Amino acid sequence: MQEFDIVVIGFGKAGKTLALKSAMMGKKVALIERSEKMYGGTCINIGCIPTKSLIKQSYLARRCNKQSEANYQQSIQKKNQLVEFLRAKNYENLAQNKNITIFNGDASFLDKSTIQIAGKEKQSIKGKKIFINTGADSVMPNIPIDSKRVYTSTTLLDLEELPKEFVIVGGGYIGLEFACMYANFGSKVSILIRSSSLMPKEDEEIERSVQDSFEKMGINLIFNADAKSIKDKVEKACISYEKEGKSFEINADAALIAIGRKAYTKGLDLDKAKIALNSRGEIITDEFLKTNVENIYALGDVKGGRLFTYISLDDFRIVFDSLFGEGKRNTNNRTAVPDVLFLDTPLSHVGLREREAREKGYEIKVAKLPAAAIPRARILENTTGLLQLITDAKTDLILGATLYCEDSSEMINIFSLAINAGLPYQKLRDMIFTHPSMSEAINDLCGLIK
């Protein structure tokens, strides 16, 4: 039986980075991945990269008046080429290292130090330290589903025929991004949302701006809708739902289930290693990402929390510091972490929202700037949106920023840096930005604080 210093289960962002960096430190590393099509993890293969590629192509399709079946199929091909390129690069980066052995197959624990790999043949290996990085999977609703036209965010990426009518069950990040994507490609899009609000976390003016944009795109928002069943009916998927005590039906060429994601631990036999899970099925870890079993860690989505690739990367930093550094880095060190919703116009946020800041007892100042006031937004022909800044009235420190505008996915990192560095808003107000740029609007936004 082969023995390794480090065994990584899953080729995700945290796992692949840990495997490579540990091998460079001279450790003997095993990396186990159940599918050759998942080299590089969720982000590269079925998450961030393919979806953002399609979002970009759909954006161009609408603005260039190329909303057609042929253009959609070309976009799928471009997405596939990009994914295949990055997947191969990720594999090569690890496979060429003499200290790394890549195993293809399903991993399962035999005990806390022994992993069985069921590939073309079964074999077992031992690891001094084991890192679980198996990611997350789509949550399916507990309703009757009898349809060939129902998809998850993973399976939908392989759909080569543009649906004329597209229904999304769920109004979270994934559902809203796919809604904009398919609306831009030319589909008639409807979203079934269980709550009465599109974005309950957002401040009212931001939410209203996003909702107005959706309605202008022709996206049908159905609030207080509770899906009850999905079945095929005359070459369509028929989605039955209840709204305010009444029953309704809506038909679709394709229906996307987007009600959330859950930790993927299927087949790992965690109980044989006595690894503890919480009530949601996520692996329980401490601030150093250690499980209750001394030599076993969990990284990325499988432990719950915020399911972002950059969080997984920071998970790597924590465990790498634990293995080879001072062991001081942990999840409690994290301060403001930005997030982006890649809609037709991206919505980006970091820190506190206005409502959250007031609830925490801060005395605040608020600045708001319409995206239409930014010259660069007019050059880019997208004046949709609103920029909002929250500062502490007593200290002038930046508490939070929400940017609903073109290029906000880049701009938000400036505010994240400022918050984490403890900079007062005046530093950004007086900073010299390039012109014409979206970032220079930060001068104007901060200048509105009085």
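The values are calculated or read from the model by the stated rules, or taken from the named source; none is laboratory data. It should be emphasised that the depicted structure is a prediction, and the values quoted were computed from it without experimental measurement. Ideal geometry is used to build each Cβ from the backbone, glycine not excepted, and the neighbour counts take in all protein chains shown.
Figures for the structure shown
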quantity: Number of the exception - Gly305 against (1) at pLDDT below 95; (2) of a type outside the set (Val, Ile, Thr); (3) surrounded by 20 or more Cβ atoms within 10 Å (Cβ to Cβ); calculated: (3)
quantity: Among residues of the stretch 160-184, those that are assigned to a loop (DSSP other than H, G, I, E, B) and either out of contact with any Gly (no Cβ under 9 Å at 6 or more places or on another chain) or among the small types (Gly, Ala, Ser) (or both), counted; calculated: 6
quantity: For Ala418: the one exception among (1) in contact (Cβ under 8 Å) with a residue 40 or more places away in the chain; (2) in a helix (DSSP H, G or I); (3) within 29 Å of the chain's Cα centre (by Cα); calculated: (1)
quantity: For Ser197: the one exception among (1) outside the structural domain of Gly304 (by TED's automatic domain parsing); (2) touching a Leu at 6+ places or on another chain (Cβ under 6 Å); calculated: (2)
quantity: Selection within the stretch 101-129 - of a type in the set (Lys, Arg), surrounded by 14 or more Cβ atoms within 10 Å (Cβ to Cβ) and assigned to a loop (DSSP other than H, G, I, E, B); calculated: Lys112
quantity: Which listed residue, of Lys188, Lys231, Lys216, is over 27 Å from Tyr404 (Cα atoms) and modelled with pLDDT of 95 or more; calculated: Lys231
quantity: Matching entry among Ile132, Ile206 (being touching a residue at least 12 places away in the same chain (Cβ under 8 Å), within 30 Å of Thr101 (Cβ to Cβ) and buried (at least 21 other Cβ atoms within 10 Å of the Cβ)); calculated: Ile132
quantity: Looking only at the stretch 68-96, and only at residues there that are buried (at least 17 other Cβ atoms within 10 Å of the Cβ) and not aliphatic (A, V, I, L, M), the one that is nearest to Ser124 (Cα to Cα); calculated: Tyr91
quantity: Any hit, the stretch 404-411, residues being under 24 Å from the mean Cα position of the chain (by Cα), farther than 18 Å from Leu347 by Cα and among the hydrophobic types (A, V, I, L, M, F, W, C); calculated: no
quantity: Every residue from the stretch 135-166 that is basic (Lys, Arg), farther than 21 Å from Gln74 by Cβ and surrounded by fewer than 16 Cβ atoms within 10 Å (Cβ to Cβ); calculated: Lys148
quantity: The stretch 1-13 - residue that is assigned to a loop (DSSP other than H, G, I, E, B) and within 23 Å of the chain's Cα centre (by Cα) and, of those, surrounded by the fewest Cβ atoms within 10 Å (Cβ to Cβ); calculated: Gly10
quantity: Test: Glu3 is in contact with a strand residue (DSSP E or B) (Cβ under 7 Å, 6 or more places away or on another chain), in contact (Cβ under 8 Å) with a residue 60 or more places away in the chain and closer than 30 Å to Pro163 by Cβ; calculated: no
quantity: Condition met for Ser240 (in the same structural domain as Asp158 (by TED's automatic domain parsing), under 30 Å from Leu198 (Cα atoms), surrounded by fewer than 22 Cβ atoms within 10 Å (Cβ to Cβ) and in contact with an Asp or Glu (Cβ under 7 Å, 6 or more places away or on another chain)); calculated: yes
quantity: Selection from the stretch 334-363 of residues that are within 28 Å of Ile49 (Cα to Cα) and either in contact with a Phe, Trp or Tyr (Cβ under 6 Å, 6 or more places away or on another chain) or in a helix (DSSP H, G or I) (or both); calculated: Leu341, Leu347, Val350
quantity: Of the criteria (1) assigned to a strand (DSSP E or B); (2) buried (at least 22 other Cβ atoms within 10 Å of the Cβ), which one Val366 fails; calculated: (2)
quantity: The lone exception for Ala30 - which of (1) in a helix (DSSP H, G or I); (2) surrounded by 14 or more Cβ atoms within 10 Å (Cβ to Cβ) it fails; calculated: (1)
quantity: From Lys16, Lys21, Lys98, residue being within 26 Å of Asp321 (Cβ to Cβ) and assigned to a loop (DSSP other than H, G, I, E, B); calculated: Lys98
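The rows are residues; the columns are (1) over 30 Å from Val293 (Cα atoms); (2) assigned to a loop (DSSP other than H, G, I, E, B).
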residue	(1), (2)
Gly218	yes, yes
Asp226	yes, no
Ser229	yes, no
Glu242	yes, no
Ile250	yes, no
Leu256	yes, no
Thr265	no, yes
Leu268	no, yes
Ile275	no, yes
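Let's see how each residue does on (1) buried (at least 16 other Cβ atoms within 10 Å of the Cβ); (2) modelled with pLDDT of 95 or more; (3) among the polar types (S, T, N, Q); (4) out of contact with any helix residue (DSSP H, G or I) (no Cβ under 8 Å at 6 or more places or on another chain):
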position: Leu268; (1), (2), (3), (4): yes, yes, no, yes
position: Ala273; (1), (2), (3), (4): yes, yes, no, yes
position: Gly281; (1), (2), (3), (4): no, yes, no, yes
position: Ile284; (1), (2), (3), (4): no, yes, no, no
position: Val293; (1), (2), (3), (4): yes, yes, no, no
position: Ile296; (1), (2), (3), (4): yes, yes, no, no
position: Leu299; (1), (2), (3), (4): yes, yes, no, no
